[in-house]
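As structure tokens, the structure follows; a few thoughts come after it.
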Amino acid sequence: MSKTRILQVGPLTERFNQRIAREHDVTPLWQQADIPAFLAEQGASFEVVATSARAGCKVELIDALPNLKAICSFGVGADSIAVAEARQRGIQVSVTPDVLNDCVADLAIGLLIDTARQLPASDRFLREGKWLSGNYPLTRKVSGKNLGIVGLGRIGKDIAKRAAGFDMSIRYHNRRQDPESAYGYEADLLALARWADFLVLACPGGPATRHLIDAEVLAALGPQGIVVNISRGTVIDEAALVAALQSGALGGAGLDVFEAEPKVPEALFAMPNVALMPHIGSATEETRLAMENLVFDNIRAFIDNGEVLTPP
């Protein structure tokens, strides 16, 4: 067991919890009866925080850990971590990129097909015995359509690779053009939405992208357009999304993430043109194990060499 004290902010899988307890001197923060009192008494003894994209590590926690040197997070997103503050204080941050790309990209394509072909609703139609009274209404084709990707990073590129197998035309919107990409670049998000049949969101979360997809963008996507979100719930103005779906201004939505998870607007539940998932983009046995291993690799690299392996 390493001598470096680790503060684990929130629970992960039982496998992860048992392994970190076995290999390191770890304290589960959520198990403390009085967290502020505990941090005031012992906060200075911790050098490493183990956390997740869900649990995060805010400025207030960093303030309570004056000797903190590294934050190792389970998840690719860093919007729940005070990264800028950490860097200013010389605290290293690691995430778990790349190992989840395939599963998140797979789910993006799955949501795209689910929504366009209304697979969840047609499944309910059959189970409820409605097929006995007539056929399910016609839905929309996927192959050969226009796909706009907001955020052509690692995951965005894997989504594009999969979409190419469906003979889709692909364009993307980033803060800046990717000189290595052969896909069409669209600097104007509204222009991309007007062109696209499907708009897939694969950009980071955080203040810079909060409500990037607003009522104007949804209107540009139009009554035949479908938005798919596997990034962060905050990227879409959720109230505007619900309103656009209710009015018919938007054709459909495939959503794995939401603004106030695990709370989801109930207005979406009965809509046949909406596919809803409980934030399962990386939730496969293989990918979650790879993510866990990478967290441990980052912790071990920091303890042994003073450097994390995969900063955000």
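The values are calculated or read from the model by the stated rules, or taken from the named source; none is laboratory data. None of these values were measured; they are calculated from a predicted model. As a convention, Cβ positions derive from the backbone with ideal geometry for all residues, glycine included, and neighbour counts pool all protein chains shown.
Here are the numbers for this structure:
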quantity	calculated
Hits in region 231-255 (condition: under 18 Å from residue 117 (Cβ atoms) and either in a helix (DSSP H, G or I) or out of contact with any Lys or Arg (no Cβ under 9 Å at 6 or more places or on another chain) (or both))	245, 250, 253, 254, 255
Among (1) in the same structural domain as residue 10 (by TED's automatic domain parsing); (2) among the hydrophobic types (A, V, I, L, M, F, W, C); (3) under 19 Å from the mean Cα position of the chain (by Cα), the one test that residue 111 misses	(1)
Which listed residue is under 23 Å from residue 251 (Cβ atoms) and out of contact with any Asp or Glu (no Cβ under 8 Å at 6 or more places or on another chain), from 132, 138, 107, 111	138
Criterion (touching a residue at least 24 places away in the same chain (Cβ under 8 Å), in contact with an Asp or Glu (Cβ under 8 Å, 6 or more places away or on another chain) and surrounded by 15 or more Cβ atoms within 10 Å (Cβ to Cβ)) met by exactly one of 163, 215, 219	215
Helices (runs of 4 or more DSSP H) enclosed by region 1-95 - at least 1 residues per element that are out of contact with any strand residue (DSSP E or B) (no Cβ under 8 Å at 6 or more places or on another chain) and under 30 Å from residue 286 (Cβ atoms)	14-23
Spans of strands (runs of 3 or more DSSP E) in region 135-205 with at least 2 residues hydrophobic (A, V, I, L, M, F, W, C) and under 14 Å from residue 225 (Cβ atoms)	146-150, 198-201
Condition met for residue 89 (touching a residue at least 24 places away in the same chain (Cβ under 8 Å), in the same structural domain as residue 61 (by TED's automatic domain parsing) and basic (Lys, Arg))	yes
Residue list for region 53-74, filter: of a type in the set (Gly, Ala, Ser) and surrounded by fewer than 23 Cβ atoms within 10 Å (Cβ to Cβ)	53, 55, 56, 64
Residue list for region 256-307, restricted to those being among the acidic types (Asp, Glu), outside any loop (DSSP other than H, G, I, E, B) and surrounded by 17 or more Cβ atoms within 10 Å (Cβ to Cβ)	292
Residue in region 241-249 that is surrounded by fewer than 18 Cβ atoms within 10 Å (Cβ to Cβ), more than 19 Å from residue 190 (Cβ to Cβ) and at pLDDT below 95 present	no
Yes/no for residue 220 being on the phi < 0 side of the Ramachandran plot and assigned to a helix (DSSP H, G or I)	yes
Given (1) closer than 30 Å to residue 217 by Cα; (2) part of a loop (DSSP other than H, G, I, E, B); (3) not β-branched (Val, Ile, Thr), number of the condition residue 311 does not satisfy	(1)
